[in-house]
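Each remark here refers to the structure printed beneath this line.
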Amino acid sequence: MVSGTQGDVGRIGSERSNAYSSASIAARQRRRKMSRTLKGWAFLLPTFVFIGAFAYWPAVRALEGAFTSWDGVSAPTWVGLGNFRQLWHDTVFLGSFVHLLWWSIIGIPVGMGASFLVALLIYRLGSHRAQYWFRLAFALTLCLPGIVGILTWSNFYEIDGLINTILNGIGLHSLATAWLSNPKTALGALIFMGFPWVQAFAMLVFYAGLQQIPRDILDAAAVDGIGSLRRVWHIELPLIKGQLKVILVLSIIGITQNLLPPLLLTQGGPGNATWTPVLYMYEQAFQYDTIGYALAIAFVLFVVSLVLAILTMRFLRTDAEKRRRVA
């Protein structure tokens, strides 16, 4: 009897010891996890500080300035919604949004389509070495300043430039024109500038997405006799929807901020044919010193870009995102 009691006591003591050891191990693991978390936040803190100081704080001040009349030198005067009411009746500003709409409707699909097509062609090459050199060739264009391409196309659009030379050479003399000086062609010339419209960054993103497609899916499609076009439409495009969404959002933001082509080539002309909101904002700020009015334009652009980005993220969901949402 005494032996049984001693055994029970020993077993209880062993269980308590094991429980204490397990609790001690769990406590040490929690401390390590907390230590790693604190170290991570410590490394991130300088980033948050700089982002807050140089990105978010200026944005907040700009929003405040949108409700003032300010020339950039004297003290700002509070005007409330006055700048936004003026924008609503500003025909140049409203017309610039029409130009931006056309630029988006044409420019975004053309740029994304050309970039995806080139990514697909490189991906379909049989030689990995050939894929590497083509990727490198397009990636090198990222090192070129954008202004170089803009000024090159400025020469192409001259009366005696490359485009008119080709048209005259093939007998289409009636189509030759001063592309950037003609109100009927100036906006289109800016939109279609950059042939073949391949954006190196977008192309590399699409190529990376294509590489992530499991090989067994493509092999199964080949066994089922799916043709090239059906493979693109039903397999490859759906499986890179995440990359498409990223590039679409970046394209929307990029077009709303596209300042250099109209600034360097047309300055909004001829007449008001090529005004864009960001160019109009620039002119108001640095030519007419109406900083408050320019900040109101910037705020409207921010809201438009934000709404379009949210709609894109909302309606262009990947299958994984849809599953997480249902779960």
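Where a number appears in this text, it was derived from the coordinates with a stated rule and is not lab data. Computed from a predicted model, the values in this text were never measured in an experiment. Please note: Cβ atoms are built from the backbone with ideal geometry, for glycine as well, and neighbour counts cover all protein chains shown.
Full-extension gain between Glu158 and Leu316, please, as 0.36 nm times their residue separation minus the C-alpha to C-alpha distance. Provide the component values of the computation, followed by the final result.
Numbers: separation 158, 0.36 × 158 = 56.88 nm, distance 4.11 nm.
Extra length available between Glu158 and Leu316 comes to 52.8 nm.
Model label sites at Val110 and Trp133, defined 7 Å from Cα along the beta-carbon direction, differ in position by 3.1 nm. First check a/c for segment 180-298, with a ≥ b ≥ c the square roots of the eigenvalues of its C-alpha gyration tensor; if it is under 1.5, answer rounded, and if not, answer prolate when a/b is larger than b/c or oblate otherwise. Prolate, because a/c is 1.5 or more and a/b exceeds b/c.
At R0 = 45 Å, how high is the FRET efficiency between Asp224 and Val98 if r is their beta carbon distance? Nearest 0.05 is fine.
Numbers: r = 47 Å, r/R0 = 1.04.
The formula returns an efficiency of 0.45 here.
To the nearest 0.05, what FRET efficiency results for Arg30 and Ile51 with a Förster distance of 41 Å applied to their C-beta separation? It comes out at approximately 0.85. Note on the chain: GNM, Cα springs under 10 Å; of Trp57, Trp102, Trp179, the largest mean-square fluctuation is that of Trp57. Spacing of the modelled spin labels on Val307 and Ala208, each 7 Å from Cα toward Cβ, amounts to 3.2 nm. Among Phe195, Phe93, Phe67, the largest mean-square fluctuation in a Gaussian network model of the chain, built with springs joining Cα atoms closer than 10 Å, belongs to Phe195.
For a protection proxy built on the mean count of beta-carbon atoms within 10 angstrom, sort 166-175, 74-83, 234-243 highest first, please.
Details: 166-175: 10.6, 74-83: 13.4, 234-243: 17.5.
By packing density, highest mean first, the sequence is 234-243, 74-83, 166-175.
Mind giving me the FRET efficiency for Lys39 and Leu264? R0 is 51 Å, r the Cβ-Cβ distance, nearest 0.05 is fine. It would help to have the intermediate numbers written out before the result.
Details: r = 47 Å, r/R0 = 0.93.
Approximately 0.60, to the nearest 0.05.
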